[in-house]
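First the structure, in the form of structure tokens, and then the observations on it.
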Amino acid sequence: MKKLSYCVDCKRIASFAGECTYCQSQNIKQLTRKTPVNVIGTKIKGRVLNVKDQMVEILYIDENKNTFVKPFEAEKLKKVL
Ligand SMILES: [Zn+2]
């Protein structure tokens, strides 16, 4: 199983092989549980619960305080601070 990483410079998430395929940075770190992420183009912000292949399960709370656990494709996610 491939492990997912994130790029420290552009924050994109993928199974990079030593180099970011978005910005060519070599500043790559492993994506671990509880890493805060944003779903690109949405207001969804949550934390990594599980990683399975190219899917990342995110735990997030919406504006009505409902908790959701939902899988998203790694390419739709960005690491946040
Ligand atoms: Zn990058």
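Read the figures in this text as sums done on the coordinates, not as results from a lab. It should be emphasised that the depicted structure is a prediction, and the values quoted were computed from it without experimental measurement. Note that each Cβ is placed from the backbone with ideal geometry, even for glycine, and that neighbours are counted across all protein chains shown.
Things worth noting here:
- If a spin label sat at a point 7 angstrom from the Cα of residue 8 along the line to its beta carbon, the backbone N atoms of region 37-65 nearer than 20 Å would be those of 37-38.
- Candidates 50, 66, 27: whichever shows maximal mean-square fluctuation once the chain is modelled as a Gaussian network with Cα springs under 10 Å: 66
- Highest-fluctuation residue, 43, 34, 52 considered, GNM on the chain with Cα pairs under 10 Å: 43
- Point-charge dipole on Cβ atoms (K/R +1, D/E -1) for region 5-79, about Cα centre, debye to 20: 300 debye
- Under 21 Å from residue 65, Cα to Cα: lysines that are on another chain or at least 8 residues apart: 34, 43, 45
- Proximal aspartates and glutamates relative to residue 70, as straight alpha-carbon distance under 18 Å, when same-chain residues fewer than 8 apart are discounted: 53, 57, 62
- Dimensionless Rg over Rh [the chain; C-alpha; Kirkwood]: 0.97
- The calculated FRET efficiency for residue 34 paired with residue 64, based on their beta-carbon distance and R0 = 25 Å, is about 0.60.
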